[in-house]
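The values are calculated or read from the model by the stated rules, or taken from the named source; none is laboratory data. Since this is a predicted model, take the numbers as computed values, not measurements. Neighbour counts run over all protein chains shown; Cβ positions are idealised from the backbone, glycine included. Quick note on the areas: whole protein, heavy atoms, side chains included, nothing else; ligands and nucleic acids left out. Shrake-Rupley method; radii C 1.70, N 1.55, O 1.52, S 1.80 Å.
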Amino acid sequence: MTDLTSLTIAAARDKLKAREISAVELTESYLNAIDAANGALNAYVAVTPDKAIAMAKTSDARLAEGKGGALEGIPLGVKDLFATEGVHTQACSHILDGFQPKYESTVTGKLWGEGAVMLGKLNMDEFAMGSSNESSYYGPVVNPWKAEGSDEKLVPGGSSGGSAAAVAAHLCAGATATDTGGSIRQPAAFTGTVGIKPTYGRCSRFGIVAYASSLDQAGPIARDVRDAAILLKSMAGVDKKDTTSVDLPVPDYEAALGQSLKGMRIGIPKEYRLDGMPEEIEKLWAQGAEWLKDAGAEVVEISLPHTKYALPAYYIVAPAEASSNLARYDGVRYGLRAEGRDIADMYEKTRASGFGKEVQRRIMIGTYVLSAGYYDAYYLKAQKVRTLIKRDFENAFRAGVDAILAPITPSSAFAIGDKELAADPVKMYLQDVFTITLNLAGLPGISVPAGLDNKGLPLGLQVIGKPFEEETLFKTAHVIEQAAGTFSPKVWW
Amino acid sequence: MSVDLATVKRVARLSRIAVTDEEAERMMGELNGILGFVEQLSEVDVSGVEPMTSVTPITMRQREDAVTDGDKAADVVANAPNADQNFFLVPKVVE
């Protein structure tokens, strides 16, 4: 019998429905795989075996009656940013020490409502701030991929590094993730998985620990485009508890797969061609455009003139919102408390010992740019630049472009503890140069594996679409996947 | 614009994060690096441009002004590091 963890969600779904396998068997296979691998990969920060088996049993009972939701019996991992009732929820921060919410996030609640099984909580950069998963209080996640002939440990990307690594290493069938500046798409690219950041408002943010509220959006990381489509269908939808969630029908994303690209116009933004970009990425991008042409699309060059200002605008807007959102961690209502001589001293000591370096840095920047006398120069200016960035995309779409093809990352996965990146926060921020524009404009983007570099490490391409046209992304990414194939790491753990 | 040590300490105070002199020194370098990076925005002409307030052009929904949740005091304090009879306990604030 083949290893059940090798099944995609689509394949497992069919076998569960046909009662060829049981949800308990499938769940046990994953729990065993986690046991065997997590010491080496550190993808999970909490495993919930009892809950998983109980949920799987319920699924088997429903399946036996010929009932069951869209994800009945499918074992999933959940990023530690999502509130899960009675289960470890700490955004991988020390400051939320011991926090177990009394409520469930809307997105995870919807997944369980469709019959999915929770395996546990996945590692991430602290409060989703990072591009390498090295800022987690629980230590870095190790990428299941290694360069050929090398034993060096690589990062899985971030902030959803645990989600991406767990999906790539088959430690869950799929995972929830979130993306504020690239946190779904960059780790997906580094691990050879598929990740989609939907349009802002497509998924409810209720119960997701807030980082930068105007940019945060939930989405899935999965093994292939079809699985991502299946997961997003169950995660998306309007929610009374999040007034920024949008009341639009959720289409059957899976049905978009295999649709023709004939008559589609794909834009190639010339500003994404950076100086010093590795030739392999340039080649892969050109190859991606060829694949789309072969599928009947027309490829045109477009201009998004304000692209270079996206990163600096982000590093004002996101820290500003974070400094406000993270004010709630004060040692009073939940999590860690460090004693002090008075209440202010208690606040300061709690926050100094509870927040890691990168989080402190972003709170400080945010506090500074919002402080008296600087608001107009920084925050207001950045929000105006954001309008211009969004306008660039609107102009391209108005000129007849249906979707945009771009790289995801400026390189393949880098080493854990990379000295150059650790020494200069701005260098690490540049990881998100191709992804961050979408968050600022609220647009959807999908990351799909498109090949391996000369070290044998996965590289991805990004398809960017119009607001709420995720179906276009799925059908376009599916064409790339059909041409490029799918990629799995060699098991070494 | 760049920040000096006194500004870093003032911002840390506003952020309610205790910093040692050594940490403030380190942060000064990092913050100035980031502020230097975002300085690029000064090149952009934003005259006549409205600041973005929402990425989606949809107006906020309003709900009926009615109580739909509550009566969960025990749940609210369940995760508090120090609580008593559904009150949060903090160091003495008033002498």
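Things to note:
- If you go through the stretch A:305-320 and pick out every residue that is within 19 Å of A:TYR374 (Cα to Cα), more than 8 Å from chain B (Cβ to nearest Cβ) and among the small types (Gly, Ala, Ser), you end up with 2.
- Residues (closer than 18 Å to A:ILE389 by Cβ and in contact with a Ser or Thr (Cβ under 8 Å, 6 or more places away or on another chain)) located in the stretch A:409-434: A:TYR429, A:ASP432, A:PHE434
Let's see how each residue does on (1) surrounded by fewer than 18 Cβ atoms within 10 Å (Cβ to Cβ); (2) among the hydroxyl-bearing types (Ser, Thr, Tyr); (3) modelled with pLDDT under 95:
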{"position": "A:GLY237", "(1), (2), (3)": "no, no, no"}
{"position": "A:LYS240", "(1), (2), (3)": "yes, no, yes"}
{"position": "A:GLY258", "(1), (2), (3)": "yes, no, no"}
{"position": "A:ASP294", "(1), (2), (3)": "yes, no, no"}
{"position": "A:PRO305", "(1), (2), (3)": "yes, no, no"}
{"position": "A:ALA318", "(1), (2), (3)": "no, no, no"}
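- Total residues in the stretch A:13-54, condition open to solvent by 40 Å² or more (accessible area, probe 1.4 Å) and under 22 Å from A:ASP227 (Cβ atoms): 11
- Candidates A:GLY77, A:GLY98: the one that is surrounded by fewer than 24 Cβ atoms within 10 Å (Cβ to Cβ) and either at pLDDT 95 or above or farther than 30 Å from A:LEU430 by Cα (or both) is A:GLY98.
- Just one residue in the set A:GLU271, A:GLU290 is assigned to a helix (DSSP H, G or I) and either within 19 Å of A:LEU438 (Cβ to Cβ) or at pLDDT below 95 (or both); that residue is A:GLU271.
- Residue within the stretch B:44-56 that is at the interface with chain A (Cβ under 9 Å from one of its Cβ atoms), open to solvent by 80 Å² or more (accessible area, probe 1.4 Å), within 29 Å of A:ASP216 (Cβ to Cβ) and part of a helix (DSSP H, G or I) present: no
- Single residue of B:ALA18, B:ALA6 found to be more than 8 Å from every other protein chain (Cβ to nearest Cβ) and over 19 Å from A:TYR378 (Cα atoms): B:ALA6
- Residue within the stretch A:70-88 that is within 14 Å of another protein chain (Cβ to nearest Cβ), assigned to a loop (DSSP other than H, G, I, E, B) and of a type in the set (A, V, I, L, M) present: yes
- Search result, residues across the stretch A:346-357 that are in a helix (DSSP H, G or I) and either out of contact with any Gly (no Cβ under 9 Å at 6 or more places or on another chain) or more than 7 Å from chain B (Cβ to nearest Cβ) (or both): A:THR350, A:ALA352, A:SER353, A:GLY354, A:LYS357
- For A:ALA310, the criteria (1) without any contact (Cβ under 8 Å) to a residue 40 or more places away in the chain; (2) open to solvent by less than 30 Å² (accessible area, probe 1.4 Å) hold in every case but one, which is (1).
- Among the residues making up the stretch A:321-345, a single one is in contact with a Gly (Cβ under 8 Å, 6 or more places away or on another chain), more than 7 Å from every other protein chain (Cβ to nearest Cβ), without any contact (Cβ under 8 Å) to a residue 60 or more places away in the chain and in a helix (DSSP H, G or I): A:SER324.
- Of everything in the stretch A:173-205 that is in a strand (DSSP E or B) and within 14 Å of chain B (Cβ to nearest Cβ), the residue that is farthest from A:PRO156 (Cα to Cα) is A:LYS197.
- Number of positions in the stretch A:358-381 that are touching an Asp or Glu at 6+ places or on another chain (Cβ under 9 Å), more than 8 Å from every other protein chain (Cβ to nearest Cβ) and open to solvent by 20 Å² or more (accessible area, probe 1.4 Å): 1
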